[in-house]
1. For the range A:47-68, give me each residue that is more than 9 Å from chain B (Cβ to nearest Cβ) and either outside any helix (DSSP H, G or I) or touching a residue at least 60 places away in the same chain (Cβ under 8 Å) (or both).
2. Pick from the range A:23-45 the residues that are among the aliphatic types (A, V, I, L, M) and assigned to a loop (DSSP other than H, G, I, E, B): which of them is least open to solvent (accessible area, probe 1.4 Å)?
3. Can you list the strands (runs of 3 or more DSSP E) lying wholly within the range A:125-219 that have 1 or more residues being among the basic types (Lys, Arg)?
4. Check A:Ala85 against each of (1) away from chain B (no Cβ under 11 Å); (2) surrounded by 15 or more Cβ atoms within 10 Å (Cβ to Cβ); (3) under 30 Å from A:Lys33 (Cα atoms); (4) free of Cβ contacts under 8 Å to residues at least 60 places away in the same chain and name the one condition it does not meet.
5. Could you please tell me which pairs satisfy a Cβ distance under 7 Å, a separation of 6+ or placement on different chains, a first residue in the range A:121-140 that is under 16 Å from A:Gln109 (Cα atoms), and a second residue that is β-branched (Val, Ile, Thr) and open to solvent by 10 Å² or more (accessible area, probe 1.4 Å)?
6. Given the condition farther than 22 Å from A:Thr134 by Cβ and part of a loop (DSSP other than H, G, I, E, B), answer yes or no: does some residue in the range A:80-94 qualify?
7. With respect to A:Ala20, determine if the residue is under 21 Å from A:Asp185 (Cα atoms) and crowded, with 17+ Cβ neighbours inside 10 Å.
Amino acid sequence: MSARTFYGQALANRLLLGTAQYPSPAILADAVKQSAVDMVTVSLRRESGAQRAGQAFWQLIKELGVSVLPNTAGCHTVKEAVTTAHMAREVFGTKSIKLEVIGEDDTLQPDVFGLVEAARILTDDGFEVWPYTTQDLIVGGKLLDAGCEVLMPWGAPIGSGQGLNDVFGLRAMRAHFPDVPLVVDAGLGLPSHASQAMELGYDAVLLNTAVAKAGDPVAMAIAFADATRAGQAAHQAGPMEVRDMAEPSTPVMGKAFLL
Amino acid sequence: MRVVLNGEDREIEAATLAEALEALDYADAIVATAVNGEFVPHDQRGETTIKEGDAIEVLAPMQGG
């Protein structure tokens, strides 16, 4: 088990799960329980005084007994994201915030300039910021300078299920920030994508749609948890070097000469 | 008095944000509030005055990724 902590929090399960788009609250709850995740992401949306949908949802999450990581999803400006973070801190009672400042709607690519600015404002105000970013090393460095202690590069566009679109970039980020907890956030579609991220040495994966939109979300959540664990174990075991040419695995020495 | 609650016009009688929340059926709900784009912490709702045309945002926990 890696000793890596996330703002001091040890996560036994390195799969972080989103809570949106499940067929029902019961299936969401079962997916969280069966996959034994320690942390889930949540959000804030407008509440109707008459319907109060948010109250029931919050009760459900509290009963699951997991840590919550509120997000600033949908925020396009620094002010929006900072204000949303303050509102989330009060409602959820946590300093943790998954900071999203969206720069472009088709790809939901982060606006990294706004992200760094918002991260600085929030860390100065005592938040523990988990920034949704790209693989850009310079931006990563600026986020650390701003006080972030975790970086969360995207695997692929949110909800796309494409997997790791830029393996080189992710590998470079891992090598460049060897001591920083790194989480691949967004774009994963299959458990093998989670394994691959962990095999690269990432410390956790965060996903939502791949589980929530699966035919059987509970079974898929379990599969992702297993794959995440397998990838983590493989990285710790030390994968072999890739070779260009074949190398016999059966010893050549002592082979009979039968020509 | 007309206010804009979560993007929709509403008629209420309230001097403060706390009174507005009461009038708008949020009395005991777990919500976070903002007025005209500025976060208003829970303990400041009683002293935050509301005037004609103010935009009140009332947010609650929701599913998220």
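The values are calculated or read from the model by the stated rules, or taken from the named source; none is laboratory data. This structure is a prediction, so every number in the text was calculated from the model and none was measured. Cβ atoms come from the backbone with ideal geometry, glycine included; neighbour counts cover every protein chain shown. Just so you know, the surface numbers come from the protein's heavy atoms only, side chains and all, with ligands and any DNA or RNA stripped out. Shrake-Rupley method; radii C 1.70, N 1.55, O 1.52, S 1.80 Å.
1. A:Gln51, A:Gly65, A:Val66, A:Ser67
2. Our first condition is that a residue be among the aliphatic types (A, V, I, L, M); within the range A:23-45, this holds for A:26-29, A:31-32, A:36-37, A:39-40, A:42, A:44.
Of the ones still in play, those that are also assigned to a loop (DSSP other than H, G, I, E, B) are A:36-37.
Values: A:Ala36: 59, A:Val37: 8 Å².
Of everything passing the filter in the range A:23-45, A:Val37 is least open to solvent (accessible area, probe 1.4 Å).
3. Numbers: elements: A:128-133, A:183-185, A:204-207.
Strands (runs of 3 or more DSSP E) meeting the threshold: none at all.
4. In the conditions (1) away from chain B (no Cβ under 11 Å); (2) surrounded by 15 or more Cβ atoms within 10 Å (Cβ to Cβ); (3) under 30 Å from A:Lys33 (Cα atoms); (4) free of Cβ contacts under 8 Å to residues at least 60 places away in the same chain, A:Ala85 misses (1) alone.
5. What qualifies is A:Thr133/A:Val112; A:Thr133/A:Val139; A:Thr134/A:Val112; A:Asp136/A:Val112; A:Val139/A:Val112; A:Val139/A:Val116.
6. Checking the range A:80-94: at least one residue is farther than 22 Å from A:Thr134 by Cβ and part of a loop (DSSP other than H, G, I, E, B).
7. Working: under 21 Å from A:Asp185 (Cα atoms): yes; crowded, with 17+ Cβ neighbours inside 10 Å: yes.
Criteria met by A:Ala20.
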